[in-house]
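Asker: Quick one: the structure is below, questions incoming.
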Amino acid sequence: MDEAALQYLMERHGSPQWRDFLDVLGDELFSQLGESGLATLMARAGARFAERYPTGQCATLTDLERTLAQIWLDVDWGWTSIHDSGDALLVRHHCTPLHRPAGELGVAGRWPAAFLLGAYQHWFRQLGSSDSLQMTQVTGFDASGSVDFRFGK
């Protein structure tokens, strides 16, 4: 785990009164909607979140990275780093609250990734990206709550 993630996690903690509630809510939503339905619902919720927190104009990738990182920091949901790999943008979301490391919990425990995916997809569309470019999740959550996405064809 990197130094920034450790520092962030040491300074903040999840609210224990919400953890079990959100776990059982995720389980129930999964039982009612299935994996695909839950992912769609949470991606739509992420897009709605992104509508509430618009990026404004971002002239460079560095501007976008700083703007998105600040949005997430302001709501205590970690932060963002973005790397241009040449054929895609690699978006890493650090220290997601309410995450579960890959394999620790069933599908319902992975809803935060769908929420993040929906938010990032919306922000890139808001900035004028082509419909042919899609955000996809490329890793599960690690122990610090970090997860990687890819934005490209």
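Laboratory data are not the source of any read-out in this text; all were calculated from the coordinates shown. All values derive from a computational prediction rather than experimental measurement. Cβ atoms come from the backbone with ideal geometry, glycine included; neighbour counts cover every protein chain shown.
Asker: From the phi of every residue in the stretch 33-44, what ³J(HN,Hα) in whole Hz does the Karplus formula 6.51 cos²θ - 1.76 cosθ + 1.60 yield, where θ is phi - 60° and glycine or proline is x?
Answerer: With the stated coefficients, the stretch 33-44 comes to 9, x, 4, 5, x, 5, 4, 5, 4, 6, 5, 5 Hz.
Asker: Can you give the net charge of the other residues whose Cβ lies under 13 Å from the Cβ of Arg150, counting K and R as +1 and D and E as -1?
Answerer: That sum, taken over residues with Cβ under 13 Å, equals -1.
Asker: Under a 5 Å amide H to amide H cut-off, with H placed in plane at 1.01 Å, what residues pair with Trp79 once short-range neighbours are removed?
Answerer: His94
Asker: On to the next question. Quick check for me: using +1 on Lys/Arg Cβ and -1 on Asp/Glu Cβ, what's the dipole size of the stretch 20-59 about its Cα centre, in debye to the nearest 20?
Answerer: Here the stretch 20-59 has a charge dipole of around 360 debye.
Asker: Work out from phi, with θ = phi - 60° and the Karplus expression 6.51 cos²θ - 1.76 cosθ + 1.60, the ³J(HN,Hα) of each residue of the stretch 115-127, listed in order in whole Hz, and give x for Gly and Pro.
Answerer: Values per residue, Gly and Pro as x: 4, 4, 4, x, 5, 5, 4, 5, 4, 5, 5, 4, 7 Hz.
Asker: Explain nothing, just the number: dipole magnitude of the stretch 15-152 about its Cα centre with +1 on each Lys and Arg Cβ and -1 on each Asp and Glu Cβ, in debye rounded to the nearest 20.
Answerer: Dipole of the stretch 15-152, to the nearest 20 debye: 200 debye.
Asker: I need the phi-derived Karplus couplings for the stretch 46-58: 6.51 cos²θ - 1.76 cosθ + 1.60, θ = phi - 60°, integer Hz, Gly and Pro marked x.
Answerer: x, 5, 5, 4, 4, 4, 6, 10, x, 7, x, 6, 10
Asker: Amide H neighbours of Ser146 under 5 Å, at least 5 residues apart or on other chains, H built in the peptide plane: list them.
Answerer: Under 5 Å from the amide H of Ser146: Cys95, Thr96.
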